[in-house]
Amino acid sequence: VVSYTILITGCAEKGMILLAEDLFLHSPENDVASWNALIAANARHGQMRNAIDLFKRMDLEGTRPDGITFVGILSACAASGDLATGKLIHRSALEGSSLDDPVLATALLDMYSKAGDLGAAMAIFAAMAQRDVTAWNAIVAACARNGRFDRAERFFWVMAARDVISWTSMIAVLAQSGQIDRARLVFDEMPDKDLTAWNAMISAHAQHGDPRSALKLFRLMDLEGVHPDEITYVCALDSCSTLASP
RNA sequence: GAGUGGUGUAAUAAUA
């Protein structure tokens, strides 16, 4: 089972979900970890329906779901905005103890915020036993996504340690609230810039009437050895078309 | 090197 689970996870990372399911079916036995691997694989690729079905089958076939299972299901709910299922799991399966596990609590928080319930997300964050960087990042993103840029920024400055994800969220917050100059300052201040951070910065300029700077950043990124992806090109092309037809 | 889980970036279109 262990080797099968490794293979299932590997396939899922490459997006080969069907092969992953095939491996699962051919495995001599399956345990909670291999079920979880397959559920998470489907959840990550937007196969919400499959993820839920697997979850039910697992229960029927006598494998008890654990915290990891619920995280997989919750992230499927979050991705598809299925607040009903998410709430059901929160109430019936998790009860009170879920907040002891920061991973599970963050998945819950994220699910509520993506379903538009920022109040529930903040309540979970406040009640969490421990908050790691990911939990902080999740609450910053939760506020941002629900239009509470002021709160997002407050959380960002209050958090003890920030990683590249925190900084990128902050840049997006500043861009969405039209504070491009401040976004630039934050971008300069952030220690490590990855592809997503560059994309956030380039799109910020492309979206706010500064296509020239967007293209400058695009070239700069290349000079820094960061390779563009589809999003980068869309922003760059968008800037070109703005310049061509003012 | 020893199986499974959470957080960040744009546009457009569609749906509501």
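Listing for the model above:
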| item | result |
| --- | --- |
| Protection proxy ranking of A:199-207, A:116-124 - average other beta-carbon atoms within 10 Å, highest first | A:199-207, A:116-124 |
| Convex hull of region A:1-89 built on C-alpha atoms - directionally averaged projected area, nm² | 5.1 nm² |
| For chain A, alpha-carbon Rg relative to the globular expectation (2.2 N^0.38 Å, N residues) | 1.15 |
| GNM result for chain A, Cα springs below 10 Å: residue of A:S166, A:S27, A:S92 fluctuating most strongly | A:S92 |
| 20 Å Cα-Cα reach of A:K114 towards lysines, excluding residues that sit fewer than 8 places from it in its own chain | A:K87 |
| Most mobile of A:D132, A:D100, A:D22 in a GNM of chain A (Cα contacts under 10 Å) | A:D22 |
| GluC sites (Glu not before Pro) lying in DSSP loop within region A:126-233, provided at most 13 other Cβ fall within 10 Å | A:E224 |
| Hits among lysines - C-alpha to C-alpha of A:K193 under 22 Å, sequence gap 8 or more where chains match | A:K216 |
| From the C-alpha gyration tensor of region A:125-167, square roots of 5λ in Å | 15, 12, 9 |
| For region A:1-160: relative contact order, % (alpha-carbon pairs under 8 angstrom, 6 or more apart) | 14 percent |
| Cα shape, region A:177-227, gyration tensor, a/c 1.5 rule | oblate |
| Cα-based reach from A:K56 at 16 Å (exclusive), listing aspartates and glutamates while leaving out same-chain residues under 8 positions away | A:E21, A:D31, A:D66 |
| Mean ellipticity per residue at 222 nm, deg cm²/dmol - from DSSP H runs of n ≥ 4 across chain A, formula -39500 (n - 2.57) | -22500 deg cm²/dmol |
| Mean Cα-pair separation over length for region A:14-85, i.e. relative contact order, pairs under 8 Å, 6 or more apart, % | 31 percent |
| Nitroxide proxy distance, nm - points 7 Å out along Cα→Cβ at A:K56 and A:V133 | 4.0 nm |
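Since every read-out is calculated from the coordinates, none of them should be taken as a lab result. The structure presented is a predicted model; accordingly, all values stated were derived computationally and were not measured. Quick reminder, even Gly has a Cβ in these numbers, built from the backbone with ideal geometry, and neighbours come from all protein chains shown.
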